[in-house]
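Everything on this sheet refers to the single structure shown next.
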Amino acid sequence: MSNYGFKLKEYENRLEKAQSLMHLNQIDILLITTEQFMRYFTGFSTQFWQSPTRPWYLIIPIKGLPKAVIPDIGLSAMQKTWIKEIYTWPSPRPKDEGISLISKLINEFPSKFNNVGAELGKEMSLRMPLMDFFFLQSTLSRKIIDASSILWELRLIKSNAEIDKIKHICKIASNSFENLPSLINKGDSERDIAKKMKIDLISRGAENIPYLPVVSGEGGVSQIICEPTNRVLKSGDILFVDTGSTYDGYFCDFDRNYSIGKASKTVNDVYEILWIATQDTIEIAKPGLPLSNLWELMVDKLNKYLPYNFSKGRFGHGFGLQLTEPPSITFNNMMKLQPNMVLTIEPSVEFMPGKILVHEENIVIKENGVELLTTRAPYKIKEIN
């Protein structure tokens, strides 16, 4: 797969949907400040987001085309997108990092609802200095309100073109996971394994590997989120590897578990129940089913077979341009599944004090059920001898 970016129609559809939701939610203008939403609406991509010195802005009116307000260093790159109106300032300019430009442009738009929507809600953040935000508020004739519900509603349902990119990175990571046991040698540390996995992922076509916990522990792992250490693997260990790799900005997010040497009966039993809970959940998922039903099924499976403590947090979530996105699969999320939602199914259990196992697969909801995006993990935990 080598088709980077999207056709113009994709961006036009996103704008049309956004403006329709703006009407429904009485918002005149959307102010975009973050990397993922800038990329979603414009296709603009730069590694310069790593520098906090320069903010980047996009103004989306309720009618008409978006306007980019960006540091002058990004002009030539933004001109390669579909955005026609681009305003720049000579950044860094600490006394006015584009705020006067944004204020002028927003105040020039006719006002119907007197509201500007911004990334103020849950699972969001403003990528601009807070003092600049306060100053901008003071210069506007409109009120700035939370637009997170609109923005997440747009990204909740993926287009077929987006799903194609997610499928591609899921396939790359699936193949890399299958190959990983052949790369592991006696005396390897967690860091050694992470390095080999990264090289393998890149060689298969992944562009970036922003997330790669590699964790080991005797008979189970104590955590699943931290960077690898210099701990050397030994017989009896469980090796947990999770990857959020990307292709053209889109993530996969799933894990695999391995046993170094023969797995204990306890580990085998727990692993199999997690596998069954995942499989049963994949099989019942379909449009119209509340997310809470998926959570309840996984909990029922774990309760029935495992007399242990397990997380009552979420057992899966959305993903796409970010490693985790709404919705969350939780006990009280009554949101109904819809076609083209992309989700992780992710039951977990602490089966002994300080011993955790997690199972995770990636799926997309289809009109009549589910399509598995990852290559299914084996029913029995893979043993590396």
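The values are calculated or read from the model by the stated rules, or taken from the named source; none is laboratory data. Just so you know, these numbers come straight off a predicted model, no measurement behind them. Backbone-built Cβ (ideal geometry, glycine too); neighbour counts: all protein chains shown.
Couple of notes before you dig in:
- Top-ranked residue in the stretch 275-306 [being touching a strand residue (DSSP E or B) at 6+ places or on another chain (Cβ under 7 Å) and at pLDDT below 95; ranked as surrounded by the most Cβ atoms within 10 Å (Cβ to Cβ)]: L302
- Tally, over the stretch 202-227, of residues that are in contact with a Leu (Cβ under 8 Å, 6 or more places away or on another chain), surrounded by 14 or more Cβ atoms within 10 Å (Cβ to Cβ) and more than 19 Å from S348 (Cα to Cα): 1
- If the condition is being polar (S, T, N, Q) and within 20 Å of Y57 (Cα to Cα), then the stretch 8-37 contributes Q19, T33, T34, Q36.
- Just one residue in the set I27, I59 is part of a strand (DSSP E or B), modelled with pLDDT of 95 or more, outside the structural domain of Y250 (by TED's automatic domain parsing) and not small (G, A, S); that residue is I59.
- Within the stretch 358-376, restricting attention to residues that are buried (at least 19 other Cβ atoms within 10 Å of the Cβ) and among the charged types (D, E, K, R), the residue that is nearest to F240 (Cα to Cα) is E360.
- Lone unmet requirement of (1) modelled with pLDDT under 95; (2) farther than 26 Å from Y4 by Cα for T139: (1)
- Long-range neighbours under 9 Å by Cβ, at least six apart or interchain, first residue over 19 Å from G98 (Cβ atoms) within the stretch 26-40, second β-branched (V, I, T) and not in a strand (DSSP E or B): I27/I62; I27/I150; D28/I62; D28/I106
- Candidate set: the stretch 345-385, residues that are in a loop (DSSP other than H, G, I, E, B) and among the hydroxyl-bearing types (S, T, Y); chosen: the one nearest to G236 (Cα to Cα): Y379
- Long-range neighbours under 7 Å by Cβ, at least six apart or interchain, first residue in the same structural domain as C252 (by TED's automatic domain parsing) within the stretch 171-200, second among the charged types (D, E, K, R) and in a loop (DSSP other than H, G, I, E, B): S189/R231; E190/R231
- Residue within the stretch 255-270 that is touching a strand residue (DSSP E or B) at 6+ places or on another chain (Cβ under 7 Å) and under 30 Å from Y4 (Cα atoms) present: yes
- Yes/no for I106 being in contact with a Lys or Arg (Cβ under 8 Å, 6 or more places away or on another chain), of a type in the set (A, V, I, L, M), surrounded by fewer than 17 Cβ atoms within 10 Å (Cβ to Cβ) and in a helix (DSSP H, G or I): no
- In the stretch 323-357, the residues that are among the β-branched types (V, I, T), crowded, with 20+ Cβ neighbours inside 10 Å and either touching a Lys or Arg at 6+ places or on another chain (Cβ under 9 Å) or closer than 15 Å to T278 by Cα (or both): I329, V342, T344, I345, V349
- Conditions (1) among the small types (G, A, S); (2) more than 17 Å from the chain's Cα centre (by Cα); (3) farther than 24 Å from D237 by Cβ; number of the one not met by G318: (2)
- Within the stretch 269-295, the set of residues being closer than 13 Å to L337 by Cα and outside any loop (DSSP other than H, G, I, E, B) comprises T281, I282, I284, P290, L291, S292, N293, L294, W295.
- Put simply, of S20, S76, S100 the only residue that is part of a helix (DSSP H, G or I), closer than 19 Å to Q137 by Cα and more than 23 Å from the chain's Cα centre (by Cα) is S100.
- Exactly one residue out of M334, M298 is touching a helix residue (DSSP H, G or I) at 6+ places or on another chain (Cβ under 7 Å), touching a residue at least 24 places away in the same chain (Cβ under 8 Å), under 30 Å from G121 (Cα atoms) and in a loop (DSSP other than H, G, I, E, B), and it is M334.
- Scanning the stretch 173-195 turns up one or more residues that are under 20 Å from I163 (Cα atoms) and surrounded by fewer than 20 Cβ atoms within 10 Å (Cβ to Cβ).
- Some residue of the stretch 160-167 being in a helix (DSSP H, G or I) and in contact with a Ser or Thr (Cβ under 6 Å, 6 or more places away or on another chain): no
- Matching residues, the stretch 33-58, being aliphatic (A, V, I, L, M) and in contact with a helix residue (DSSP H, G or I) (Cβ under 6 Å, 6 or more places away or on another chain): L58
- Meets criteria (of a type in the set (A, V, I, L, M, F, W, C), touching a strand residue (DSSP E or B) at 6+ places or on another chain (Cβ under 8 Å) and in a loop (DSSP other than H, G, I, E, B)) for M124: no
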